[in-house]
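Taking it in order: structure first as structure tokens, then the write-up.
The values are calculated or read from the model by the stated rules, or taken from the named source; none is laboratory data. Please read these numbers as outputs of a predicted model, since none were measured by experiment. Note: ideal-geometry Cβ built from the backbone for every residue, glycine included; neighbour counts use all protein chains shown.
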Amino acid sequence: MSTPGDIGSFTVWDYVVFAAMLLISAIIGIYYAFAGGGQKTSADFLMGGRSMTAVPVALSLTASFMSAVTVLGTPSEVYRFGAMFSIFGITYTLVVIITSEVYLPVFYRLGITSTYEYLELRFNKYVRLLGTGLFIIQTILYTGIVIYAPALALNQVTGFNLWGAVVATGVVCTFYCTMGGLKAVVWTDVFQVGIMVAGFSSVIIRTVVVKGGIAPILNDSYYGDRLNFWDFDPNPLQRHTFWTIVIGGTFTWTGIYGVNQSQVQRYIACKNRFQAKMSLYINLLGLWAILACAVLSGLGMYSIYRDCDPWSAKFVSAPDQLMPYLALDILRDYPGLPGLFVACAYSGTLSTVSSSINALAAVTVEDLIRPYFKSLNETKLSWISKGTSLVYGVICIAMAALASLMGGLLQAALSIFGMVGGPLLGLFTLGILFPFANPTGAIVGLLFGFTVSLWVGIGSQIYSPLLIRSLPKNLSIAGCNFTSIQSNWTSTTALPVLTTLISEAQERPALADNWYSLSYLYFSTIGTIVAVAVGVIVSLLTGGLKQNIHPDFLLTSQDFSYAEFFSSCCKAKETEEVKVLNWKPHFDADPDVAPGTDNPAFNHLEMHDTEKKEKMNGIHT
């Protein structure tokens, strides 16, 4: 072990490992730019020709949103607040089940490319444009954060220019995404998730060796109050409890996995619905593995630095720099391993940014260009898709500057998804679960949900929650080899914390402590509930019960996995009437004849295949 504050630096082998990761990622992009005749159509570029299988898609799903934010943010979270973050393992399970059983069947059945295409099928083009706009804003902001995150790691452990690293990140992932499309995104993700696991594993194994086994790490964590798994406090103002993580986290991550284009685009690109569902369940194993690695890294970090916290001692300037600091500290005697960890963080960013750029290109082409420029053929749309990928890459690099002004990376990222993703999740839920929801209810519900979630989200940035709501565990500098250090609020001194609490209570308005202090994980919950509640009420008041909606746009009893199983076993008749689970359909005519709907929204859109064209001709009048 090195003296605190005196860590090593990058060697030639570290740069070789790091450069190899970048080079392999670029080669994958170049390969898929030309493999199989290249990306001839927009469907090839954006959807991989709808020929993907479960395992690579599952690994890609794991890599995309368990990214540099996880590599850097989660170990720091565990180090400062304890292992309660591991409760997200329950959350991920619920999210995968809900996504695969509720949202995936509807999207896959319709054969859509953009999830927002569903909004026009179900409601009208104005709802679609609203959803598309919110997604673009949300994704650009989030991508800015995940570009900035590994740049922090590089700046901390190598001395690279911070903004030079930001630009390099954006350029590399924009290159292979623009060259190879969705297939390049998926297969680089497969490679990069392996790098992520390897980087985490190197830190965990070395930590165990340094401490002489796993038992000392667990012992230090226990006596340091880091093994705090169960806190059943129902108070929604507490930052992390069992309920905020399971309930709030489920809403937040369902907004990501269930309806976010970046994720949905991958699993609906599978060659059949079984492969699509399997990709989600295999992905769950990956989520558990990455979460376990991140939590173990955080506990190991605490065990090593329990007597000399690098942040309190000012050896690092931000909590998100703790993990790269630890990696270079304990791996300094093993050339190449510090480079492997930084490649781990960088891989997380490349996987997330490339999938975001590909998704942004997809919604732009499918929602904003194809419906209004019908004369464009597939070849031209393919080139437009590549051009929009390039443009969005440049925009995301520029937006990384905004991330530098935000607080902790992990909370900032999830807050953005909560504020925007919650209302969007409510909008899709209205369409899939409530047959009487109409366009008026959808628009009003979305706007109300977005306004409320934005209100509480912005308020929480202006008035940070009281320390009593998110007070981190004690951190010590007693073992540092110096005598005078200006400690921050994370030190073990109780008096400054008490003084700060009293000062905050005197200066803050009452609304800040009862509304803006809501756990950031509940931002999505609030947005979803408000959007659904307002949408239902407005729809009922504006004649929603009078419209007829085809079952293909709704969740049906045959969409569940058990129904597929029994149907295949019992050889159920294909002519059996589809039953809508959630509401009595408003038509009693021949089930083979579509009843029509009050919403003529989708008449003008060009269909992508014959089957969809025939279906739509029967549905809309």
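For residue 64, are the conditions met, namely being assigned by TED's automatic domain parsing to the domain that holds residue 291, of a type in the set (Gly, Ala, Ser) and either in contact with a strand residue (DSSP E or B) (Cβ under 8 Å, 6 or more places away or on another chain) or under 27 Å from residue 474 (Cα atoms) (or both)? No, not satisfied.
More than 22 Å from residue 200 (Cα to Cα), under 19 Å from the mean Cα position of the chain (by Cα) and not charged (D, E, K, R): is that true of residue 142 in this structure? Yes; evaluated as a whole, the condition is true for this residue. Here residue 346 clears all of (1) among the hydroxyl-bearing types (Ser, Thr, Tyr); (2) at pLDDT below 85; (3) touching a Lys or Arg at 6+ places or on another chain (Cβ under 8 Å) except the condition numbered (3).
For residue 352, indicate whether it is closer than 13 Å to residue 261 by Cα and assigned by TED's automatic domain parsing to the domain that holds residue 325. Here the answer is yes, as residue 352 does meet what is asked. Residues that are surrounded by fewer than 23 Cβ atoms within 10 Å (Cβ to Cβ) and hydroxyl-bearing (Ser, Thr, Tyr) do occur in the range 234-253. Regarding the range 346-363, can at least one residue be identified that is under 24 Å from residue 188 (Cβ atoms), surrounded by fewer than 24 Cβ atoms within 10 Å (Cβ to Cβ) and either touching a residue at least 12 places away in the same chain (Cβ under 8 Å) or more than 18 Å from the chain's Cα centre (by Cα) (or both)? Within the range 346-363 (the criterion being under 24 Å from residue 188 (Cβ atoms), surrounded by fewer than 24 Cβ atoms within 10 Å (Cβ to Cβ) and either touching a residue at least 12 places away in the same chain (Cβ under 8 Å) or more than 18 Å from the chain's Cα centre (by Cα) (or both)), the answer is no, since none of the residues qualifies. Being in the same structural domain as residue 279 (by TED's automatic domain parsing) and within 15 Å of residue 295 (Cα to Cα) is a property that holds for residue 79. The C-beta contact set for the range 441-470 (first residue in contact (Cβ under 8 Å) with a residue 12 or more places away in the chain, second residue basic (Lys, Arg), distance under 7 angstrom, 6+ apart or interchain) comprises 463/508; 465/239; 469/239; 470/239.
When the residues of the range 219-238 are filtered to those that are over 30 Å from the mean Cα position of the chain (by Cα) and part of a helix (DSSP H, G or I), which remaining residue is farthest from residue 518 (Cα to Cα)? Per the stated criteria, the residue is 219. Just so you know, in the range 113-150 the residues that are small (Gly, Ala, Ser) and more than 30 Å from residue 272 (Cβ to Cβ) include one that is surrounded by the fewest Cβ atoms within 10 Å (Cβ to Cβ), and it is 133. Looking at this structure, is residue 320 of a type in the set (D, E, K, R) and either touching a helix residue (DSSP H, G or I) at 6+ places or on another chain (Cβ under 9 Å) or not assigned by TED's automatic domain parsing to the domain that holds residue 398 (or both)? In short, yes.
Please work out if residue 382 is surrounded by 20 or more Cβ atoms within 10 Å (Cβ to Cβ), at pLDDT below 85, part of a helix (DSSP H, G or I) and in contact with a Lys or Arg (Cβ under 8 Å, 6 or more places away or on another chain). Spelling it out, residue 382 is indeed surrounded by 20 or more Cβ atoms within 10 Å (Cβ to Cβ), at pLDDT below 85, part of a helix (DSSP H, G or I) and in contact with a Lys or Arg (Cβ under 8 Å, 6 or more places away or on another chain). Set side by side, the residues 172, 190, 209 differ, and just one is crowded, with 22+ Cβ neighbours inside 10 Å and either at pLDDT 90 or above or assigned to a helix (DSSP H, G or I) (or both), which is 172. I want to confirm something. Restricting to the range 62-112 and keeping residues that are part of a loop (DSSP other than H, G, I, E, B) and within 20 Å of the chain's Cα centre (by Cα), which single residue is surrounded by the most Cβ atoms within 10 Å (Cβ to Cβ)? Only one residue fits best here, namely 67.
Per-residue answers, yes or no, for (1) of a type in the set (D, E, K, R); (2) in a helix (DSSP H, G or I); (3) in contact with a Phe, Trp or Tyr (Cβ under 9 Å, 6 or more places away or on another chain); (4) crowded, with 24+ Cβ neighbours inside 10 Å:
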residue: 288; (1), (2), (3), (4): no, yes, yes, no
residue: 299; (1), (2), (3), (4): no, yes, yes, yes
residue: 304; (1), (2), (3), (4): no, yes, no, no
residue: 309; (1), (2), (3), (4): yes, no, yes, yes
residue: 316; (1), (2), (3), (4): no, no, yes, no
residue: 321; (1), (2), (3), (4): no, yes, yes, no
residue: 326; (1), (2), (3), (4): no, yes, yes, yes
